[in-house]
Amino acid sequence: MDKVDVLAVGAHPDDVEVGAGGVLAKMIRLGAAAGIVDLTAGEMASNGTVAERRRESVEAADHLGLSWRKCLGLSDRGIEVNQENVAALVELIREARPQLVLCPYWEDRHPDHVQACRLVQEACFDAGLSQRTTSFPPFRPRAVWHYFLSRSPEPKFIVDISEVYEIKKAALLAHDSQFGAGRKRTGTFLNSGAGNLPALIESRDRYYGALIGAHYGEGFTLGTPLAVYNPLALLEVRN
């Protein structure tokens, strides 16, 4: 894999697009390289085969402009924080060497999202340990940002994604097996009714955007205080 500036991790093939697709698209437009790791193939979903979901993931990656996208092959509804899984993610982090990692918020209705957060936290820490031997030298990302899926708490900060919102929507809707309705689809909260997930996500993105005087925004939180080493960079931050 090529090295990237930003690595986004999701439990399922559409998670990153839901919570952080706009930020990825914006960072890539600004010149950053980014990759996505789907921990599972989403094989337990009510709709869509593994092959369908893989094709949709590739299409979404093309919309976003990713450098690469990889499925780690863990079990859907069986993500465990164990030595084997931590080691696999450590190897990937050390190879990709991202400065920033995006992962799900630590509270969520779906246990896989919570486990994904815990796995990323463990792997980011262990990736910096010299005594953990892998094919690549130790490396620890500088920051981990948590994006929101089914929970929408007050974010620590919001990124204006207005200019790339159509890219986010295209990437999200590329996952047609999950969000598209049809006679052959099982009706779920993802694809049915006025409160389907894409509609809810757009409403939330509009709300977060309104909080910062923008059309659309994505909110993030942090597990630790934000460290500022160059205060001049904060001149671009508005509150």
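A full extension of the chain between residue 143 and residue 186 corresponds to an added length of 11.6 nm, given 0.36 nm per residue minus the alpha carbon distance. Looking at the square roots a ≥ b ≥ c of the eigenvalues of the Cα gyration tensor of the range 110-239, which shape do they give, rounded for a/c under 1.5, prolate if a/b is larger than b/c, or oblate? Note, shape of the range 110-239 comes out oblate. Each of 73, 50, 30 was scored by the projection of its Cα onto the charge dipole of the range 14-73, and the greatest displacement toward the positive side belongs to 30; charges sit on the C-beta of Lys, Arg, Asp and Glu. Charging the Cβ of each Asp and Glu at -1 and of each Lys and Arg at +1, and nothing else, the dipole of the range 7-158 about its Cα centre rounds to 560 debye.
Between 99, 115, 131, the Gaussian network model of the chain with springs among Cα atoms under 10 angstrom shows the greatest mean-square fluctuation at 131.
Springs between Cα atoms under 10 Å define the GNM used for the chain, and in it the highest mean-square fluctuation of 212, 36, 201 occurs at 212. Excluding same-chain residues fewer than 8 positions from residue 184, which lysines have a Cα within less than 30 Å of its Cα? Counting by Cα, and skipping residues close in sequence, residue 184 has these lysines nearby: 70, 168, 169.
Label-to-label distance for residue 156 and residue 236 is 1.9 nm, based on points extended 7 Å past Cα in the beta-carbon direction. When the Gaussian network model of the chain links Cα atoms closer than 10 Å, the mean-square fluctuations of 16, 228, 90 top out at 228.
Compute the relative contact order of the chain as a whole-number percentage, counting only Cα pairs closer than 8 Å that sit 6 or more residues apart in sequence. Computed over the chain, the figure is 23 percent. Dipole orientation for the chain: of the candidates 237, 117, 161, 237 has the Cα lying most toward the positive pole (charges on Cβ; Lys, Arg +1; Asp, Glu -1). Shape analysis of the range 1-138 based on the Cα gyration tensor places the equivalent ellipsoid semi-axes at 22, 19, 13 Å, largest first.
Given a 1.4 Å probe and heavy atoms of the protein chains only, how would you sort 1, 27, largest accessible area at the top?
Working: 1 80, 27 45 Å².
These residues rank, largest area first, as 1, 27.
Within the chain, the longest segment free of exposed loop sites, counting GluC sites (Glu not before Pro) that fall outside DSSP classes H, G, I, E and B and have at most 15 other Cβ atoms within 10 Å, spans 108-239.
Based on C-alpha pairs under 8 angstrom that are at least 6 apart in sequence, the range 93-170 has a relative contact order of 38 percent.
The values are calculated or read from the model by the stated rules, or taken from the named source; none is laboratory data. Just so you know, these numbers come straight off a predicted model, no measurement behind them. Cβ coordinates were reconstructed from backbone atoms using ideal geometry, including for glycine residues, and neighbour counts include every protein chain displayed. Ligands, DNA and RNA are excluded from the accessible area calculation, which covers all protein heavy atoms including side chains. Shrake-Rupley method; radii C 1.70, N 1.55, O 1.52, S 1.80 Å.
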